[in-house]
Amino acid sequence: MRLTFKHPLLLIASLSMIVSGCLVTPVEKSGALGSVTVTNSNPSAIIAALQNVFPQYGYTQSGGHYPSSVSFNKDSNKIANVMWGSYGQPQTIHVKVSIIPIPGTNNYRLSPKVYTVTSQGEAGFESKRPLIGLWNSQFEPLLEQVSEKASGAGGL
């Protein structure tokens, strides 16, 4: 059996529209699971809100790259140590929140990326592994709180 197309140009045009449609997702709808949009704000207000919300859940700030990201750490529990096979090695949950400006607006997209870190701070022994996207979605409620606090702060 041989496949033939009566209109190959139509097929090519259709495929290119499908593929290009996937590549032009607006920034305000993009990002990993757990991503949130902050409206009419600025990086300083967003970072202040992040620094207010995350410590309420046991996270400590562990750096960042102003104005594009902020990172937080939290010691994991014994179940997490068993899940990731780190018997006897303490695990740390590391969350990097990227602050992505949405072009032409004062809006920003907050996108979390979650890692597990073994032997944090031990030179030559620290191991950092990204966790699957479902872990990112765990941070959506926290980022929603950040959005509520930082939205409306206005642009710089």
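The values are calculated or read from the model by the stated rules, or taken from the named source; none is laboratory data. The structure presented is a predicted model; accordingly, all values stated were derived computationally and were not measured. Cβ: placed from backbone, ideal geometry, glycine included. Neighbour counts: every protein chain shown.
Sort out which residues of segment 59-77 are assigned to a loop (DSSP other than H, G, I, E, B) and over 17 Å from residue 130 (Cα atoms), and write them in order of number.
59, 66, 67, 68, 77
Could you tell me whether any residue of segment 73-83 is at pLDDT below 95, within 23 Å of residue 38 (Cβ to Cβ) and either of a type in the set (Ser, Thr, Tyr) or crowded, with 18+ Cβ neighbours inside 10 Å (or both)? Steps first, please.
Taking segment 73-83 as the starting set, the residues that turn out to be at pLDDT below 95 are 73-83.
Checking the rest, the ones that are also within 23 Å of residue 38 (Cβ to Cβ) come to 73-74.
Filter once more, so that each one left must be either of a type in the set (Ser, Thr, Tyr) or crowded, with 18+ Cβ neighbours inside 10 Å (or both): 73.
Yes, segment 73-83 has at least one match.
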Please verify whether residue 142 is at pLDDT 95 or above, out of contact with any strand residue (DSSP E or B) (no Cβ under 6 Å at 6 or more places or on another chain) and under 17 Å from residue 33 (Cα atoms), treating the condition exactly as stated.
yes
Do we find that residue 59 is at pLDDT 95 or above and within 29 Å of residue 145 (Cα to Cα) in this structure?
yes
Could you please find all residues in segment 135-156 being under 11 Å from the mean Cα position of the chain (by Cα) and among the hydrophobic types (A, V, I, L, M, F, W, C)?
135, 139, 143
